[in-house]
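The values are calculated or read from the model by the stated rules, or taken from the named source; none is laboratory data. The model shown is predicted, which means the values in this text are computed figures rather than measured ones. Counting neighbours? That spans all protein chains shown, and the Cβs are built from the backbone with ideal geometry, glycine included.
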Amino acid sequence: MSVAVEAKDLVKVFGSVRALDGLSFSIENGEIFGLIGLNGAGKTTALRITSTLLLPTSGTVKVFGRDVVEEASEVRSLISYLPEEAGAYKNLSGNEYLKFMASFRAKNKDAVRELVDVASEISGLGERLRDKVKGYSKGMKRRLLVARALMTKPKLAVLDEPTSGLDVLHSVHVRGIIKRYVKKQGVTVLLSSHNMLEVEYLCDRVALINKGRILATGSPAELKTRYKAVNLEDVFGEVVGFA
Amino acid sequence: MLKGLFNIVVKEVKELVRDPKILLPMIIIPLIMFPLMGFAIQTSMEAAEEGIGKISIAVMDLDGGPVAENLRINLTNWNVKIVEIDDPDLTEAFSYVQESNLTGLIVIPSGFSQNITEGKTSELEVYAPFRGGGITESTSSSAVSSLVSLFENNLIDQRINERFPESNSTTVLNPIALSEKSIINGKGVDVNPEVLFGLVISQSTIIPVGIMMLLIFAMQLAATAVASEKEEKTLETLLTLPINRFMILAGKLTGSIIVAVVGAIAYLIGFSYYTSSFTGAIPTDAGVDLAAIGLAPTFLSYLLMGLSLFMALLSALALAISLSVFAEDVRGAQALVGPLSILFVFPMIFTIFTDISALPFPLSVILLAIPFTHPMLAARVSFTGDYLTAIGGILYMTVFTVIVLYIAARLFGTEKILTAKLKFRRFSLRRKK
Ligand SMILES: Nc1ncnc2c1ncn2[C@@H]1O[C@H](COP(=O)(O)OP(=O)(O)OP(=O)(O)O)[C@@H](O)[C@H]1O
Ligand SMILES: [Mg+2]
């Protein structure tokens, strides 16, 4: 298996805050990799650097061998990023939004339509895609955005808390889609989450991070045996030291 | 690459045009308000004209002499309807005039004819009823006094003819026959300079005001285009798309330009309708053929004006976009861009009221350093023939735009666009602890 993402000694300083403090991890091709950590642990910062949005203060990230700083535009053509807090253009309809996003990847009109069809299935929004985004609920918007991120079959999907704001039913739906879709299309996923259940269900491997550093990495099963815990929540408490 | 640019432009235009905050001022004001204003002015002017057509004046003749009789004959000849008032009770006459909607009341005192015939000055009272109406009402009330002055002129002619029977009253009153002409570009032209000034002033006020409005409008659009991406949290997604960041910037600029130009055209249509609705009542151009006296805009001057305006638009948008990078939401962006209006208002006022070269040196340098002065100067090029100033202005604005665009591209190209913000935290009212 080849390496999809390789992060080495990432440091990111915002003024007086050291958001990342020597973070390293690597993701195999076709893997779903989860970052878990408390609020402010640095998850979003790590994902943003991987997505070429922020520049690392020091350290490197390579996506399929491309450096996110030096070869940012090549990296952008390989990835698809779902921000933690994201919106869609509220004066466009769901369909128009998907078409707009699809047209950056698709070669022609037919290809655009194909992508939009895929997205329409992932989102499960059906007829509502014809309505303006303005009138969508938070969950509907999130489903639209998840669909947008996955429709293009990127080589790497970077999903920051993909199910935030979704109810139980739709969380299950979206998780199912990510898992099935990813395995079928051979997409690699880097995601972050607070939901240990979700991470346990979705991820092949997880990294526990705290204060910008990795505390432990491994598959959920490995971590549970290593820390003699019944679930990831306990592992987390054990590692971070609040249990 | 161009396809990506096209995508962004289409999306920008859709977003801007569907935004009621932008659509309303762009469509409602120019296309509905202006014609409505024009209609209102037109109808009231027509009403006023009709009113002048049928002036009726009450006359209380306490004199009964020949000159009073003469005045009445003159008024009738001028198409005035005369209502004789025989009762010398003024109070009653007043309420009668007011109630029956007469234009005014002339009271001819006794001894009027005698005084005039003896060559003295005689009093004559003119009353105009006050109805609290608009401007047109005041013109109708002054109509009575104008008629009386006309009559007075007749009396003057009469007196001159009596004293100097051998001379003509017009020559006595006008020893000099003044004929005013102009020199344009070294050529004598048989046109009154007042008329020319009027023309130039109307051109050099309307154009700078129009340019200023277009630029302010475009800047607000461009600022909104970036800031709304932040406010709606769509910017991060946009920045991770496989498209050159400069294309995103260019797409936003183009979208704003398109919408601003459409808005400007709507304003022009509305405004020309507005002005045309009452130009019928005001003499225009006084029959001056601009082409014949060499003042009609040539193709070159049109070209320079257009180029100059386009560069000003581009530099205004680049400036607005660079600034809006520092705002967190639309309101913040508009607050940042708002103060830039001074850069339009300042040159506008000076170009309307003075010639820049006549200003003190430091002031004119400051004005010329503001890029938006140049389109206003270029708008005068057909009058001044000063093509060099216009070309210099275009070059200056090009350099300015390239620098600002470079800065904007730098801001867009790095993480600055996500992390840069002006901190107003000190002013926050919701500070905890
Ligand atoms: N643009 C920024 N400017 C200043 N500080 C920042 C910025 N972005 C993040 N930080 C800081 O960096 C640290 C890590 O933030 P980050 O958003 O990566 O955390 P997170 O793990 O995603 O948290 P959460 O679970 O709440 O989403 C925090 O202390 C945060 O305040
Ligand atoms: Mg986060």
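Data for the structure
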item	result
Residues satisfying the stated conditions in segment A:3-42, i.e. under 14 Å from A:SER192 (Cα atoms) and in a strand (DSSP E or B)	A:PHE25, A:ILE27, A:ILE32, A:PHE33, A:GLY34, A:LEU35, A:ILE36
Long-range neighbours under 8 Å by Cβ, at least six apart or interchain, first residue assigned by TED's automatic domain parsing to the domain that holds A:GLY139 and in contact (Cβ under 8 Å) with a residue 24 or more places away in the chain within segment A:172-196, second in a helix (DSSP H, G or I) and within 16 Å of ligand 2 (Cβ to nearest atom)	none
Number of positions in segment B:218-233 that are touching a helix residue (DSSP H, G or I) at 6+ places or on another chain (Cβ under 8 Å) and either within 12 Å of chain A (Cβ to nearest Cβ) or not small (Gly, Ala, Ser) (or both)	9
Whichever residue in segment B:14-34 is away from chain A (no Cβ under 11 Å) and surrounded by fewer than 18 Cβ atoms within 10 Å (Cβ to Cβ) and, among such residues, is farthest from B:ILE269 (Cα to Cα)	B:LEU24
Tally of residues being in contact (Cβ under 8 Å) with a residue 24 or more places away in the chain and either within 14 Å of another protein chain (Cβ to nearest Cβ) or closer than 30 Å to A:VAL68 by Cβ (or both) across segment A:107-129	6
Qualifying positions in segment A:38-47 - buried (at least 16 other Cβ atoms within 10 Å of the Cβ) and more than 9 Å from ligand 2 (Cβ to nearest atom)	A:ALA46
Complete set of residues in segment A:93-104 that are facing chain B (nearest Cβ under 7 Å) and in contact with a Ser or Thr (Cβ under 9 Å, 6 or more places away or on another chain)	A:PHE104
Counted residues, segment A:54-73 - those being out of contact with any Asp or Glu (no Cβ under 7 Å at 6 or more places or on another chain), among the small types (Gly, Ala, Ser) and either within 16 Å of ligand 2 (Cβ to nearest atom) or at positive phi (or both)	1
A:LEU156 being within 17 Å of B:THR234 (Cβ to Cβ) and surrounded by 19 or more Cβ atoms within 10 Å (Cβ to Cβ)	no
Filter result for A:ALA207 (more than 30 Å from A:SER137 (Cα to Cα), assigned to a strand (DSSP E or B) and within 16 Å of ligand 2 (Cβ to nearest atom))	yes
Tally of residues being within 16 Å of ligand 1 (Cβ to nearest atom), in contact with a helix residue (DSSP H, G or I) (Cβ under 6 Å, 6 or more places away or on another chain) and at the interface with chain B (Cβ under 7 Å from one of its Cβ atoms) across segment A:75-92	2
Index of the failed condition, A:GLU161 passing every other in (1) in contact with a His (Cβ under 9 Å, 6 or more places away or on another chain); (2) farther than 21 Å from B:LYS233 by Cα	(2)
Output for segment A:181-200, where each listed residue is in a helix (DSSP H, G or I), within 16 Å of ligand 2 (Cβ to nearest atom) and not aliphatic (A, V, I, L, M)	A:GLU198
Subset of segment A:32-49 [within 12 Å of chain B (Cβ to nearest Cβ) and either within 24 Å of A:VAL235 (Cβ to Cβ) or more than 15 Å from ligand 1 (Cβ to nearest atom) (or both)]	A:THR44, A:THR45, A:LEU47
Filter pass, A:MET140 being within 14 Å of chain B (Cβ to nearest Cβ), away from ligand 1 (no atom under 16 Å from the Cβ) and surrounded by 19 or more Cβ atoms within 10 Å (Cβ to Cβ)	no
Search result, residues across segment A:13-27 that are more than 16 Å from ligand 2 (Cβ to nearest atom) and surrounded by fewer than 15 Cβ atoms within 10 Å (Cβ to Cβ)	A:VAL13, A:GLY15, A:SER16, A:GLY22
Unmet criterion (only one of (1) near ligand 1 (Cβ under 10 Å from one of its atoms); (2) aromatic (Phe, Trp, Tyr); (3) touching a Phe, Trp or Tyr at 6+ places or on another chain (Cβ under 8 Å)) for A:PHE14	(3)
Only one of A:LEU145, A:LEU169, A:LEU129 that is within 16 Å of ligand 2 (Cβ to nearest atom) and of a type outside the set (Lys, Arg)	A:LEU145
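Per-residue answers, yes or no, for (1) part of a helix (DSSP H, G or I); (2) hydrophobic (A, V, I, L, M, F, W, C):
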site	(1), (2)
A:ASN95	yes, no
A:MET101	yes, yes
A:ARG113	yes, no
A:ASP117	yes, no
A:GLU121	yes, no
A:LYS134	yes, no
A:GLY139	yes, no
A:ARG148	yes, no
A:LYS153	no, no
